[in-house]
Amino acid sequence: MNCRRRIWNRNPVLMLSATIAALALFSGCTVENSGATLPAPPSSTVPSANSANSIFFDIDPVNSSMTVKADYIRAGVGAQEFLLNPAFTVTEMVVDGHQINPASVMTPVAVPFVDGYVANDYRLTQFTTSLHIEYTGTLSGSTGSTRYATETIGPDFTFLRWETFCYPLFSPASGLADALNVPIDLSMSVEVPTGYSVQFSSDTQSTQDLGNRTTVFTTAAKMNLGSFAAAIAQFQDAHLASGDYYLLSTTDMSAAVKTIDPVMNQAYQFLDQTYGARTFTMKLRVVQIPSSLGSFAVTDQHMAFDETISYADPTSLQPLIHEFIHLGWNPMPPADSSVQQSRFFDEALTVYLTYRTMASIVGDLSAASELAGFTNLRGYAVADLAPIKDWGVQGQGDLSYTIGALCLFKLSRLMGVAAFDAATRQYLTDYQATPVDFAKFCAEYESHSDNPQQVQQFFQTWIYSTAYTSQISLTN
Ligand SMILES: [Zn+2]
C-alpha cells in the first residue's frame, strides 16, 4: 500500500532533498503526491525532431543496457553543469562544436538525496551554445538517488526515472532543486524492440515503426526536468470503463478484467459520496510495475505506476486504491517543504482513507487486524519519536504510513465517524487549491466537532507533543 516514493533525509542541513521532495510531481506515495502544484499537461503538439533539447534512449532489454544521445542548447537549460548516474560511461561529448574528453570535466560529487549517494558532476566551462552527449551503461537497481526510487533494465521490465539520474540533470548555481520544477523545452524519445511498449509519465505523442524496432516520442512542449518516468515492457493492454490498464505479461488478464471495474467503481462511489465529488472522471491510466519498485501516482496525468501484484480479487487492489486516493482526495501540500515532509497530509490521510475504502468494498474490516500495521514504529524507538508536527524536520515522515494513520483513526473514534467524514470532506474542499498546514488541519476538525475543546486537547496530544507515544494502540 505504500507508495514509497520519497525519503526524507534526517539531516536538516541537506535541504536539497527537502526541496526536491516538495517539488516532485509524483504523489506517492506523490506523488505518492501529494505533490506540489503541477504544471499544465504538455499540449498535444507534434513532436519535433528540431526541439531545442532532446534525449533519445535506445533500450536493449535483452542485454540489460541502454545507449543515450542527448542534445541541448545553453539557453534551453540555463546552466552549464549537470549530474549523471555514475553507472554510465560517457562515450562522446561535443561542446560548442568541439569534441572534448568527458573525464576532463567530470568530478564525482555527493548528492544530498540520501547519505552516500554519489553522482558524476560535469562542469562545462566552455558551454555557450550547444552540447551533444552520448553515454551507455546499465541500471542495476542500486543507483537510485533515493532508496525508494529504483530503476532497472531487463527483458521483463525496464524502468527509467529522473531520481536515478538516467539523463543529465542540469544544476544552476542556485542548486539542482531549482531546476527540477522549471519547465524546459525537452523532447524525449525511447527506442525499443518491436513488441515492447513504453508508458511515459507524460503523454505519448507518437510512435514510429522502424521494422524490428519502435521509437516512442513524448513531450516536445514544456516539460520539467524532474518529472520523467518511463516503464517499458511487453504489456497486456486492457481498456476498461475505469481506465486504461497496462499489465505485466505475468498477470492473469481474464481475472483482472472481471475484477477491476466493479472494484474501482465501488471505490469511486464511496470516495465521491463520502469525501466529495471530483471533477475528473474515474478514467485512469494504470501501469503495473514489479512489486519491488514502489508505486507512485502522477497527478497531472491522472495515472499511477502501480505495484499491485494481482488484480484477481478486491483485496488485492489495495495498492491501486491507495494511488487512486492520492490522485483525487489529497489536500494541496503545505507550502513549506519541511512541513510537507511529515507526509501527514498525504500519506497518513491516504492510508486511513484506503482502510475506509477497502472496508466499504469488502465489508466491515476488523480494525484490530487491518490496522495492526498502524502501530508499527518502523524501527524507531518510542523515546525517539518527535511530535507529528516536527516529523518533517526530524526525518520521521515514514511514520505517517502507520502512526499518522493511527492518529486519524483515533480522531475518527473521538469525533464519531460521521463528523470525521464531514470534516474531511470540507477539509479536502477547502484545501483543494490552497496549501494546507497543521494549524489549518486542526482548525477544520475542531470546527466540525460537537466538543471542540476535546478535539483541541487531542491535537495537543497527537500533533503538538509526544504525549501520543503512550497511546500507540488500537484501543480507545
Ligand atoms: Zn502513498
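Read-outs: derived from the displayed coordinates by stated rules, not from any lab. Everything numeric here is computed off the predicted structure, so don't read it as measured data. Cβ sites come from the backbone with ideal geometry, for glycine too, and all protein chains shown count toward neighbours.
Summary of values
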quantity	calculated
Extended-chain gain in nm, criterion 0.36 nm per residue less alpha-carbon gap, ALA359 and SER130	76.8 nm
Residues with amide H under 5 Å from that of ALA229, placed H, sequence gap 5 or more	SER201, SER202
Prolate/oblate/rounded call for region 367-431, Cα gyration tensor, a/c under 1.5 rounded	oblate
Label zone at LEU210 (point 7 Å along Cα-to-Cβ), backbone N below 19 Å, region 58-79	58-72
Ascending count of other beta-carbon atoms within 10 Å, so fewest first, for GLU444, GLU323	GLU444, GLU323
Set of lysines near LYS410 by C-alpha distance (under 21 Å), chain-local residues within fewer than 8 positions excluded	LYS389, LYS440
Residue order, fewest to most beta carbons within 10 Å, for ASP450, ASP421, ASP384	ASP450, ASP384, ASP421
Translational D in µm²/s for region 237-320 (Stokes-Einstein at 25 °C, 0.890 mPa s, Kirkwood Rh from C-alpha pairs)	188 µm²/s
Local electrostatic count at LEU124 - Lys and Arg +1, Asp and Glu -1, tallied over other residues with Cβ under 10 Å	0
Cα-projected label distance for THR194 with TYR380, points at 7 Å along beta-carbon direction, nm	5.5 nm
Percent antiparallel among DSSP beta bridges (both partners in region 235-340, rounded to 5)	50 percent
Scattering profile of region 53-233 at q = 0.10, 0.18, 0.19 Å⁻¹ [log10 I(q)/I(0), Debye over alpha-carbon scatterers]	-0.36, -1.25, -1.40
Extension reserve of the ASP156-ALA241 stretch, reckoned as 0.36 nm per residue once the Cα distance is removed	27.9 nm
Footprinting exposure proxy for SER249, SER65, SER342 (fewest neighbouring C-beta atoms within 10 Å first)	SER249, SER65, SER342
Principal axis dimensions, region 294-347 - Cα atoms, whole angstrom, descending	41, 21, 18
Neighbourhood charge, 12 Å Cβ-Cβ cut-off, centred on ASP237 and excluding it, Lys, Arg +1 and Asp, Glu -1	0
FRET efficiency, 1/(1 + (r/R0)^6) with R0 41 Å, evaluated for VAL118 and GLN234 via beta carbons	0.75
Summed residue charge, Cβ within 14 Å of SER197's Cβ, Lys/Arg positive, Asp/Glu negative	-3
Residue list for region 290-329, given a label point 7 angstrom along the Cα-to-Cβ vector of ASP203 and an amide N cut-off under 14 Å	300-302
All lysines inside 30 Å of LYS69 as judged from Cα atoms, apart from same-chain residues fewer than 8 positions distant	LYS222
